[in-house]
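This report refers to the structure that appears directly beneath it.
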Amino acid sequence: MKNITIEEKGCAKINLALHVIGVQEDGYHVLDSIVIFTDIFDSLFFKKNKKNRLSFTGEFSNALNGKKNSILEALNLFENVLTDHFSINLEKNLPLGAGLGGGSADAAAVIRFITNHFRYQMPSPIAISKIGADVPACVLSVASRVGGIGEIVKPIDISGIDLWIVLVNPRIFVSTGSIFEQVIEKHNAPLEPFAHFGSTDQFIDYLKGQRNDLQAVTTNKFPEIKQVLDTIEKTQDVLLSRMSGSGSTCFGLYRNQEIAKKAVSYIKKNNNKWWIKFSKVN
């Protein structure tokens, strides 16, 4: 790949449901979650270099730290075997502290790049999850049920589902750790059993019976996130609205692209400073 620039995408992850079902002795929370991925993403551009060099561009690049971040942590997983060095440019399009797993998606992009192009063995899920709980799921970037502290990833078949998603972020940074610290009930019921989702209606009905155990904590702390949810719920023909991860991004699910576009227009009408995107559910 000499003098060739290769792009890897770090796609936004959405927790359609997130149940906190326990806590380990080390303080990490045990989760049971359904995640999907979107066509909204960060882009990482890799080129061989004499030494590792990291640069940032994009809407949210100013908030990044060039000395301590998930990309460097992912590179460190291969420090004992990788002899090549790279110039890496991160085009940061996803907001930070947003519940979208952006940093995890970027780390996952590094892991995919190295294992796919240099034939190195994939690190263990436990090692990968130490970078961030979402990284193992982001490495696969397919609809999955995620358990443990993020290291248990089981892909699920949503091929029969036809949905569009609208993402809305009020440009508030939410610290995941601070939200988990405020969760009072740490031993909640897991996701209800499921085998296969044969239709969109079946999938939506199932999701309506689940929850995000972090949502109440986050919306109590940040009333503007509750305002985002209220706004999404007022959009025409929304099937489900919920917060992703620990926030601050919330989502609405819709049957087709046309309805999703109308929802975006409605939300932007009075909230044009919010970050608003839409995508097919993947």
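The values are calculated or read from the model by the stated rules, or taken from the named source; none is laboratory data. Owing to the predicted nature of the structure, the values given are computational and were not obtained by experimental measurement. Every residue, glycine as well, gets a Cβ built from its backbone with ideal geometry; the counts of neighbours run over all protein chains shown.
So if I check each of Gly66, Gly97, Gly132, which one is modelled with pLDDT under 95, outside any strand (DSSP E or B) and either buried (at least 20 other Cβ atoms within 10 Å of the Cβ) or on the phi > 0 side of the Ramachandran plot (or both)?
Gly132
Rundown of residues vs (1) part of a loop (DSSP other than H, G, I, E, B); (2) touching a Phe, Trp or Tyr at 6+ places or on another chain (Cβ under 8 Å), yes/no style:
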| site | (1), (2) |
| --- | --- |
| Gln210 | yes, no |
| Thr219 | no, no |
| Glu224 | no, no |
| Val228 | no, yes |
| Thr235 | yes, yes |
| Val238 | yes, yes |
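Here's the yes/no breakdown for (1) buried (at least 20 other Cβ atoms within 10 Å of the Cβ); (2) under 13 Å from the mean Cα position of the chain (by Cα); (3) free of Cβ contacts under 8 Å to residues at least 12 places away in the same chain; (4) not assigned by TED's automatic domain parsing to the domain that holds Thr218:
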residue: Leu18; (1), (2), (3), (4): yes, yes, no, yes
residue: Gly27; (1), (2), (3), (4): no, no, yes, yes
residue: Val30; (1), (2), (3), (4): no, no, no, yes
residue: Thr38; (1), (2), (3), (4): yes, yes, no, yes
residue: Asp42; (1), (2), (3), (4): yes, yes, no, yes
residue: Leu54; (1), (2), (3), (4): no, no, no, yes
